[in-house]
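The values are calculated or read from the model by the stated rules, or taken from the named source; none is laboratory data. In this text, all values refer to a predicted model and were calculated from it rather than measured experimentally. Here Cβ is always computed from backbone atoms with ideal geometry, including for glycine, and neighbour counts include all displayed protein chains. These accessible areas exclude ligands, DNA and RNA; they are computed on the full protein's heavy atoms, side chains included. Shrake-Rupley method; radii C 1.70, N 1.55, O 1.52, S 1.80 Å.
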Amino acid sequence: MGYRIAIVGATGNVGHEMLNILAERQFPVDEIAALASRKSIGTEVSFGDKTLKCTDLDTFDFTGWDMALFAVGSEATKKYAPIAAKAGCVVIDNSSLYRYDSEIPLIVPEVNPEAVHDYKNKMIIANPNCSTAQMVVALKPLHDRAKIKRVVVSTYQSVSGGGKAAIDALWDETKSIYNPTDNTAQDVFTKQIAFNVIPHIDKFMEDGTTKEEWKMVVETKKIVDKNIKVTATCVRVPVFVGHSEAVNIEFEDFLDEDEARDILREAPGIMVIDKREDGGYVTPIECVGDYATFISRIRQDSTVENGLNLWCVSDNLRKGAALNAVQIAELLGRECLKKG
Ligand SMILES: NC(=O)c1ccc[n+]([C@@H]2O[C@H](COP(=O)([O-])OP(=O)(O)OC[C@H]3O[C@@H](n4cnc5c(N)ncnc54)[C@H](OP(=O)(O)O)[C@@H]3O)[C@@H](O)[C@H]2O)c1
């Protein structure tokens with residue numbers, strides 16, 4: 001016997017990837033429902049070699065469904081996730097709405113799988129921010145060996161992190177630069193994104209950081225260790241898919257770069273590509289469609305006592321969202337619901 005699963009936001013970027021990944025990984029599905037807004041009723045989405053027709057989230061009855069994988073943004077999640085949870089369907093949510101609720105587990109399965117049992121508190125599990133997910137997969141095995149004190153991270157985040165509208169904005173702006181008669185009436189980004197970079201993701205906080213930067217700090221503490229200090233600068237770049245991060249890590253104990261490379265090679269979810277030669281590192285375009293978080297440019301930082309630098313790249317729609325959500329569903333099934 002398998003699971004009855006609802007994909008909420010099935011027409012979106014993350015919803016589309018969740019359907020692909022469930023099929024790729026042969027998740028034990030008895031029945032699957034594709035849900036979106038009323039305007040998408042009847043829209044066809046693919047699930048492996050099957051085609052599903054979207055139905056309306058607003059009128060869907062979650063009774064008897066095991067899990068609902070939500071990717072609809074915080075506003076719709078606030079309205080519909082409690083309805084699903086109340087009906088006895090475990091919600092795995094991609095939005096930021098529940099991530100900072102102390103009763104709701106925030107999970108990256110390679111890092112804190114034990115937190116899955118707390119799903120019972122509210123029948124909801126939160127999926128982290130895309131930039132946090134890939135970074136903590138790399139931090140955890142290093143932290144286990146040499147205890148991380150402080151992380152300084154700069155991100156280079158692709159436009160797909162901002163949803164379908166942001167992808168269209170980059171495409172339209174790029175075309176309009178070659179053909180100025182094209183219409184580019186977009187207000188997705190605060191400045192031109194084509195051939196540019198924007199040091200601003202999500203809203204500004206009172207202290208001058210952005211919400212995206214704040215999320216990386218708070219989520220890393222919740223998932224890995226509350227004592228790790230994190231400071232982040234999050235930047236949107238004109239890349240369609242794949243987030244990159246330059247990460248500087250300061251440890252309590254000395255960690256040699258060769259040992260760090262060996263530790264990361266053995267760690268779950270990580271692929272080390274680190275040759276000190278032309279092209280001996282990974283760029284975002286090479287990680288699209290992949291499951292791994294890629295680590296390159298591992299090197300000692302001699303300006304602090306116990307420091308390392310590394311470059312971390314992953315498909316933000318996969319490890320940063322859909323893959324992590326499906327891994328949580330697998331974990332929940334294996335450890336708690338035990339069907340299939
Ligand atoms: N993209 C990433 O890298 C990433 C990473 C981590 C987390 N997330 C989070 O995942 C969520 C989805 O992101 P996305 O990139 O997939 O967005 P998206 O491509 O814009 O898709 C949004 C989806 O939500 C549905 N939706 C929106 N409002 C709805 C409502 N009121 N009722 C029913 N369905 C509704 C849309 O359905 P219609 O097509 O019918 O409008 C669509 O299926 C967001 O919370 C985002 O913050 C994204």
When the residues of the stretch 55-76 are narrowed to those that are within 25 Å of LYS339 (Cβ to Cβ) and free of Cβ contacts under 8 Å to residues at least 60 places away in the same chain, which ends up farthest from the ligand (Cβ to nearest atom)?
THR63
Just one of the numbered conditions (1) more than 10 Å from the ligand (Cβ to nearest atom); (2) aliphatic (A, V, I, L, M); (3) open to solvent by 20 Å² or more (accessible area, probe 1.4 Å) is not true of ILE21; which one?
(3)
For the stretch 226-240, name all the residues that are within 13 Å of GLU213 (Cβ to Cβ) and among the β-branched types (Val, Ile, Thr).
VAL230, THR231, THR233, VAL235
Cβ-Cβ under 9 Å pairs, at least 6 apart or on other chains, the stretch 151-179 side on the phi > 0 side of the Ramachandran plot, far side open to solvent by less than 50 Å² (accessible area, probe 1.4 Å):
GLY163/GLY12; GLY163/ASN13; GLY163/VAL14; GLY163/GLY73
Suppose we keep only residues that are in a helix (DSSP H, G or I) and among the polar types (S, T, N, Q) within the stretch 158-205. Which one would you say is nearest to VAL241 (Cα to Cα)?
SER160
Go through the stretch 71-102 and count every residue that is among the hydrophobic types (A, V, I, L, M, F, W, C) and part of a loop (DSSP other than H, G, I, E, B).
5
Identity of the residue in the stretch 118-157, near the ligand (Cβ under 8 Å from one of its atoms) and of a type in the set (S, T, N, Q), that ends up nearest to GLU245 (Cα to Cα):
ASN129
Yes or no: the stretch 26-41 includes at least one residue that is open to solvent by 20 Å² or more (accessible area, probe 1.4 Å), farther than 25 Å from ASP290 by Cβ and more than 9 Å from the ligand (Cβ to nearest atom).
yes
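If you scan the stretch 196-224, which residues turn out to be of a type outside the set (Val, Ile, Thr), within 19 Å of the chain's Cα centre (by Cα) and farther than 30 Å from ILE177 by Cα?
Our first condition is that a residue be of a type outside the set (Val, Ile, Thr); within the stretch 196-224, this holds for 196, 199-200, 202-208, 211-216, 219, 221-222.
This time we only want the ones that are within 19 Å of the chain's Cα centre (by Cα), so: 200, 202-203, 211-216, 219, 221-222.
Hits for the stretch 196-224 are LYS211, GLU213, TRP214, LYS215, MET216, GLU219, LYS221, LYS222.
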Residue satisfying condition, being outside any helix (DSSP H, G or I) and at pLDDT 95 or above, within set ILE285, ILE328, ILE263, ILE298:
ILE298
Which residue pairs have Cβ atoms closer than 6 Å, lie 6 or more positions apart in sequence or on different chains, and pair a first residue in the stretch 123-143 that is of a type in the set (D, E, K, R) with a second residue that is outside any helix (DSSP H, G or I)?
LYS140/VAL111; LYS140/VAL224
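Tell me yes or no: at least one residue of the stretch 206-219 is assigned to a strand (DSSP E or B), more than 12 Å from the ligand (Cβ to nearest atom), closer than 22 Å to PHE70 by Cα and not charged (D, E, K, R).
At the first step, the residues of the stretch 206-219 found to be assigned to a strand (DSSP E or B) are 210.
Within this subset, residues satisfying the condition of being more than 12 Å from the ligand (Cβ to nearest atom) are 210.
Now drop any that are not closer than 22 Å to PHE70 by Cα, which leaves none.
So far as the stretch 206-219 goes, no, none of its residues is assigned to a strand (DSSP E or B), more than 12 Å from the ligand (Cβ to nearest atom), closer than 22 Å to PHE70 by Cα and not charged (D, E, K, R).
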